[in-house]
Amino acid sequence: AAEAEAEVRLLLQEARESIEAARSYRRELQQRLRGLHQAREQIKDSATLTRDVLEQHFSDLKGTLKKLLDERLMSLLQEVDVIEQESIKPLDECQKLIEHGVSTADDLLREGESAVDGDVGQQNEKLCNFTKKALHIQLDSLPEVPSLVDVPCLSAQLDDCLLTILKNQIFRHGTVASRPPVQLEEFVEKPGGILVRWCKVDDDFIPQDYRLQYRKSTASHFEDVYVGSETEFIVLHIDPNVDYQFRVCARGDGRQEWSPWSVPQIGRTTLVPHEWTAGLEGYSLSSRRNIALRNDSQSCGVLYSKAPTYFCGQTLTFRQTVGQPDRRDSLGVCVEQRNGDDSLQRDKAVCVSTNGAVFVNGKEMTNQLPAVTSGSTVTFDMEVVQLGPCSNEGGNFKLRVTISSNNREVVFDWVLDQCCGSLYFGCSFSYPGWKVLVF
């Protein structure tokens, strides 16, 4: 009986495992069915959109061609009118002259015939007058009439090769692409932003520039956010926990037109944006509080972040416009906010000075970075390397820190006496003119 019961339990266990495997298999199949449905919808939607684009384009093209042909026909007809009028005008003048001569000759003939056939008593006087009049008219002077070969003979020269050229151009005009040459590859969450990466998927396509667009899920139109040769870009001013749609296209080497758009994809960030603390005398903030400007106030101190929003494993970036440097200037991170300090060159903080000196817990390191320049970036990357047990009460704790600036970097270990899941960032400048963007 015990063996039978054990066998039943084993069969039940196998049955339960088979049922769970069947459920998992069904879920996978349903997921694949949804994927197939999405693929089918993408093909149908993109085909419908492509048809609409082609029909609209060729409709516009036909309208434009008709307008251009009508304009050219009107221009040629006007040219015919001008030549006709200019050529006939001297002929009309010559015709009037000849008609006047014919009329004069008719009058002279009638007068001569009357003089010859007239009364003998008056004949002498009439013949004398007629002779004088005939000599005055100059009957041997005739107007010149141009021959047919000397007057214009209008004709139209129409080159039939235009139809051949147009035909060849039209047959080569436009293409239908089944796949865009570039596609979105990866979205990486950033505080108040998204790092978007894309890649080329057509081996024969040689890209010159890329064009990235995005829009909120509730917006109707995309807008450009990046045009350039890089294959990644950090899109800032992204609201946390909101879907954004992205797409990318490329321009081939030596070409003017852009390629088809990639398949649009959704990206989002759950990380709140980095913000400076408002209200500290000596610093003015932008509307989004991610840019701090050292103003003309004589007051000095450390400007901290609003909250400890920097987490290990992320990259913290400062981009600055420079002012007059001072050895106490600092950009960096710290465990806690502390009022009364005029620099982050203190304990429980790591920072870099504007002259490139690196400080760990207030001590200057031997390694040094290049001096900060306008438009340059300073980045902080940290990962946890734990030396001892970590608890709420504290313990040995070490962070591997990488600070980069102007293609140089320093790497060191920062030992703390407590666990730090998140850190504050801060800056201090002695003189006005410094401006720092954090992201």
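The values are calculated or read from the model by the stated rules, or taken from the named source; none is laboratory data. Everything numeric here is computed off the predicted structure, so don't read it as measured data. Cβ placement follows ideal geometry from the backbone for every residue including glycine, while neighbour counts extend to all protein chains displayed. Remember, those area values only see protein heavy atoms, side chains included, never the ligands or the DNA or RNA. Shrake-Rupley method; radii C 1.70, N 1.55, O 1.52, S 1.80 Å.
By a 1.4 Å probe calculation restricted to protein chains, residue 411 has an accessible surface near 80 Å², given to the nearest 10.
Across the chain, the volume of the C-alpha convex hull divided among the residues equals 379 Å³ per residue.
In what sequence, largest accessible area first, do 266, 234 appear using a 1.4 Å probe? Could the numbers behind the result be given before it?
On the way: 266 95, 234 50 Å².
The residues order as 266, 234, largest area first.
Each helix, a run of at least 4 DSSP H residues, gives -39500 (n - 2.57); summed and divided by the residues of the chain, these come to -12500 deg cm²/dmol at 222 nm.
Kindly report the accessible area of the stretch 29-174 per residue (heavy atoms of protein chains, probe 1.4 Å, no ligands, DNA or RNA), in Å². Spell out each step's value before the answer.
Details: 12960 Å² over 146 residues.
Heavy-atom SASA per residue in the stretch 29-174 reads 89 Å².
Tally up the carbon and sulfur contribution to the accessible surface of the chain as a whole percent, 1.4 Å probe, everything protein left in place. If you can, show how the numbers build up before the last one.
Values: 14970 of 28840 Å².
C and S fraction of accessible area: 52 percent.
Restricting things to alpha carbons, find the Rg to Rh ratio for the stretch 283-438 using the Kirkwood radius for Rh.
Values: Rg = 15.0 Å, Rh = 15.7 Å.
Here the Rg-to-Rh quotient is 0.95.
Packing here is the average count of other Cβ atoms within 10 Å per residue, and on that basis the peptides 146-153, 53-60, highest first, run 53-60, 146-153. For the stretch 283-438, the solvent-accessible area works out to 46 Å² per residue, with a probe of 1.4 Å and every protein chain left in place.
Taking loop as defined by DSSP and a crowding limit of 15 other beta carbons within 10 Å, which GluC sites (Glu not before Pro) in the stretch 332-439 fit?
Numbers: sites: 336, 364, 383, 393, 409; in loops: 336, 393.
Here the sparse-neighbourhood loop sites are 336, 393.
Taking all protein chains together and a probe of 1.4 Å, list 127, 36 from the most accessible to the least accessible.
36, 127
Spin-label pair residue 160-residue 56: with each label point 7 Å from Cα along the Cα-Cβ axis, the two points sit 4.0 nm from one another.
Take residue 50: with every protein chain present and a 1.4 Å probe, its accessible area is about 60 Å².
Across the stretch 152-168, rounded Karplus estimates of 3J(HN,Hα) from the backbone phi angles (6.51 cos²θ - 1.76 cosθ + 1.60, θ = phi - 60°) give x, 10, 5, 7, 10, 9, 10, 7, 5, 5, 4, 5, 5, 5, 4, 4, 5 Hz, Gly and Pro being marked x.
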